[in-house]
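Novice: My structure is below; once you've seen it, I'll send some questions.
Just so you know, all these numbers are worked out from the coordinates, no wet-lab data involved. Quick caveat, the model's predicted, so the values are computed rather than measured. All Cβ positions, glycine included, derive from the backbone under ideal geometry; neighbour counts span all protein chains shown.
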2 protein chains.
Amino acid sequence: MGASKLNIYNKGTTDLAIIAKVFSHPARVAILQYISKQDSCICNDIVDEIGLSQSTISQHLKVINDAGLLKGTYKGKSHCYCINIERFQEFQTLLNSFFNQTKSNCC
Amino acid sequence: MGASKLNIYNKGTTDLAIIAKVFSHPARVAILQYISKQDSCICNDIVDEIGLSQSTISQHLKVINDAGLLKGTYKGKSHCYCINIERFQEFQTLLNSFFNQTKSNCC
DNA sequence: TTTTATTATCGTAATATTGCAATATTACGA
DNA sequence: TCGTAATATTGCAATATTACGATAATAAAA
């Protein structure tokens, strides 16, 4: 971007944007939907499911993980990703409080 | 992006991503927060408030508006923007149903 | 230890986003 | 109509994102 001014906003504003960014690409939404449907998850399944390359999926998983939305343990050869429900709920709370503060007062 | 594959996802997935994208930049979150606090809103006020140039703010407003999140009427010389609450609630509903379907079953 | 399966990282190309200055457009008031 | 204030658009530069193939790293199995 043209010198992204990311330091002029307050923390709540930036936080909301950071988490929203995770959801701003359909691949990541699809990955999250898929993971949340599974009992456990192997990354290779995601590749077959979504239709992107392994490296691309891996990068998207990194973005999701960096936002704190995943938990994971190792399980045999494959990693087991799952949703970090607590972090999810933080996001939901942040959004809901944003919505609750939002009014339509004109027009 | 490297040939963004936007046609391989189902509609609900894409919809969520499109609306999330509006919130994925703090400038837009700040604009929405500011508008929702006002009884009515004049764009020039936003410019003073957020700290970006008039043309940049105008472009962000266009992104927000294209997603259907604004309503507006003309009021004197200035445009009056306000939040399209109905559309906002659609977004909230979409997110909530996403969260409700989300489980943490492993780890 | 070597092989194999799985996931992460690197390099690179294509595309998208962000931001601003300059300019155009729009609508009101004199 | 002309001037003025407010908003939109255009053109450009800087940066970020997305995607993939190739390759590296890791851990279990042979």
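Novice: Please list A:14-27, A:88-101 highest first by mean number of surrounding beta-carbon atoms within 10 Å per residue.
Specialist: Packing proxy ranking, top to bottom: A:14-27, A:88-101.
Novice: Given R₀ = 25 Å, what would the calculated FRET efficiency be for A:TYR34 paired with B:ASN96, taking r from the Cβ atoms and rounding to 0.05?
Specialist: The calculated FRET efficiency here is 0.85.
Novice: Within 12 Å, Cβ to Cβ, of A:LEU94, how many net charges do the neighbouring residues add up to if Lys/Arg are +1 and Asp/Glu are -1?
Specialist: 0
Novice: Averaged across the residues of B:14-23, what count of C-beta atoms belonging to other chains lies within 10 Å of each residue's C-beta?
Specialist: 6
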